[in-house]
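This report refers to the structure that appears directly beneath it.
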Amino acid sequence: MRGMAKTMRRSGGEQRQTEKRNAASRNLDRMTAREIVRLMNREDGKVAAAVEREIPAIARAVDAIVSGIRNGGRLIYVGAGSSGRMGVLDAAECPPTFGTSPKLVQALIAGGKRAVREAVEGAEDSEKNGERDLRAKKLTRNDVVVGIAASGTTPYVVGALRYAKSRGATTVAVTSNRRMPVSRVAKIAIAPETGAEVLTGSTRLKAGTAQKMVLNMLSTAAMVRLGRAYENLMIDLAVTNEKLRARRLRILAGESGKSVSEAEQALRLAGHGMRVALVMLKQGVGAGKAKRLLARVHGDLREALGE
């Protein structure tokens with residue numbers, strides 16, 4: 001028993017809030033459906049406050065991402081299991097939302113593509129695997145590596161962060177247990193401590209919700225700071241379906257005060273570039289002049305429009 005306790009202390013197991021039992025859900029298996037979902041909703045209400053306490057660290061990470069990308073770097077998420085899937089999801093949403101290259105925001109998940117759909121046994125238990133997968137990305141000092149691990153101890157993530165640090169890349173940890181290896185390795189630690197889960201140890205619940213909120217902030221705030229939005233509009237959205245085609249026209253018509261048909265015509269003359277079309281519509285100029293105006297200010301819509 002003494003040996004087991006010593007192992008627990010080494011791993012930090014007794015410090016993991018996410019592994020503790022939640023007193024409020026101790027009789028979960030005896031609750032009605034309404035009682036269970038009410039309890040879950042009450043516990044979820046604590047997540048936003050936990051994330052709010054981490055705003056200074058989140059803002060520092062956003063600034064680091066912006067600086068890295070401006071200097072030719074990338075944002076790379078690394079995680080395992082549910083945490084890894086959060087990274088994959090956020091990375092996948094950046095190209096359609098902000099019109100970025102899929103190479104700009106990437107995600108590594110322990111076990112590879114198969115792990116997105118199902119558990120891959122033992123994939124997260126090797127630091128060497130994390131280092132190996134990240135090494136293949138040919139890291140530079142301008143890259144920002146965000147390790148996502150609710151427990152804060154996932155070897156795959158720890159290995160990746162250690163390797164990123166050795167390469168001079170900026171390292172960020174997103175975890176729900178502050179005093180854990182990922183936080184100690186990373187330059188910036190974001191640790192919304194969401195506490196014990198309704199279902200003990202199931203970090204896809206509150207911890208996963210916190211991760212989703214943090215990653216939303218990292219990618220969205222960074223892309224907005226990089227000029228990938230105009231006001232609060234998705235000016236660079238990639239059009240992949242009819243819903244997005246209609247959204248693009250609504251944005252152009254609504255922001256310029258022109259009709260949808262006028263917006264459609266401008267978009268066609270602009271070669272389907274939303275920035276060019278918006279300058280055309282708001283400034284009353286042709287496509288050629290709109291392109292020159294944008295080129296002069298390196299694509300900055302506010303500058304091109306004299307705002």
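The table below lists the values:
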| read-out | value |
| --- | --- |
| Cβ pairs under 6 Å, 6+ apart, first in region 204-229 and under 20 Å from Gly81 (Cα atoms) and assigned by TED's automatic domain parsing to the domain that holds Val146, second polar (S, T, N, Q) and outside any helix (DSSP H, G or I) | Lys206/Thr194; Ala207/Ser176; Ala207/Thr194; Ala210/Thr194 |
| Every residue from region 190-203 that is part of a loop (DSSP other than H, G, I, E, B) and either under 12 Å from Ala50 (Cβ atoms) or assigned by TED's automatic domain parsing to the domain that holds Val276 (or both) | Ala191, Pro192, Glu193, Thr194, Gly195 |
| Residue within region 166-180 that is among the basic types (Lys, Arg), out of contact with any helix residue (DSSP H, G or I) (no Cβ under 8 Å at 6 or more places or on another chain) and outside any loop (DSSP other than H, G, I, E, B) present | no |
| Contacts under 8 angstrom Cβ, first residue in region 5-32 being outside the structural domain of Gly201 (by TED's automatic domain parsing) and of a type in the set (A, V, I, L, M), partner in a helix (DSSP H, G or I) and at pLDDT below 95, 6 or more apart | Met8/Glu14 |
| In region 124-142, residue farthest from Arg162 (Cα to Cα) [restricted to those that are under 22 Å from the mean Cα position of the chain (by Cα) and of a type in the set (Gly, Ala, Ser)] | Ala136 |
| Matching option when the condition is among the hydroxyl-bearing types (Ser, Thr, Tyr) and over 28 Å from Asn22 (Cβ atoms), among Thr203, Thr220 | Thr220 |
| Members of region 72-89 found to be among the β-branched types (Val, Ile, Thr) and surrounded by fewer than 21 Cβ atoms within 10 Å (Cβ to Cβ), listed by number | Val88 |
| Selection from region 82-134 of residues that are in a loop (DSSP other than H, G, I, E, B) and among the charged types (D, E, K, R) | Lys103, Lys113, Glu118, Glu121 |
| Residue in region 266-282 that is in contact with a strand residue (DSSP E or B) (Cβ under 6 Å, 6 or more places away or on another chain), outside any loop (DSSP other than H, G, I, E, B) and under 24 Å from Pro102 (Cα atoms) present | no |
| Qualifying residue in region 156-165 (condition: modelled with pLDDT under 95 and β-branched (Val, Ile, Thr)) | no |
| Every residue from region 240-265 that is assigned to a loop (DSSP other than H, G, I, E, B) and more than 20 Å from Cys94 (Cα to Cα) | Gly257, Lys258, Ser259 |
| Looking only at region 135-152, and only at residues there that are among the basic types (Lys, Arg) and in a loop (DSSP other than H, G, I, E, B), the one that is surrounded by the fewest Cβ atoms within 10 Å (Cβ to Cβ) | Lys138 |
| Contacts under 8 angstrom Cβ, first residue in region 120-138 being free of Cβ contacts under 8 Å to residues at least 12 places away in the same chain, partner surrounded by fewer than 14 Cβ atoms within 10 Å (Cβ to Cβ), 6 or more apart | Val120/Gly112; Val120/Arg114 |
| Those residues of region 11-59 which are among the charged types (D, E, K, R), surrounded by 14 or more Cβ atoms within 10 Å (Cβ to Cβ) and in a helix (DSSP H, G or I), in sequence order | Glu19, Glu43, Asp44 |
| Criterion (surrounded by fewer than 13 Cβ atoms within 10 Å (Cβ to Cβ) and at pLDDT 95 or above) met by exactly one of Ala290, Ala295, Ala277, Ala263 | Ala295 |
| Residue ID - modelled with the lowest pLDDT, chosen from residues in region 166-181 that are under 13 Å from Ala207 (Cβ atoms) and within 20 Å of the chain's Cα centre (by Cα) | Arg178 |
| Single condition Ile76 does not satisfy, out of (1) closer than 16 Å to Thr220 by Cα; (2) assigned to a helix (DSSP H, G or I) | (2) |
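Conditions (1) at positive phi; (2) assigned by TED's automatic domain parsing to the domain that holds Arg204; (3) surrounded by 24 or more Cβ atoms within 10 Å (Cβ to Cβ), marked per residue:
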{"residue": "Gln106", "(1), (2), (3)": "no, yes, no"}
{"residue": "Gly111", "(1), (2), (3)": "yes, yes, no"}
{"residue": "Val120", "(1), (2), (3)": "no, yes, no"}
{"residue": "Glu131", "(1), (2), (3)": "no, yes, no"}
{"residue": "Thr154", "(1), (2), (3)": "no, yes, yes"}
{"residue": "Ala164", "(1), (2), (3)": "no, yes, yes"}
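The values are calculated or read from the model by the stated rules, or taken from the named source; none is laboratory data. In this text the structure is predicted, and so the values were computed from the model without any measurement. Cβ atoms come from the backbone with ideal geometry, glycine included; neighbour counts cover every protein chain shown.
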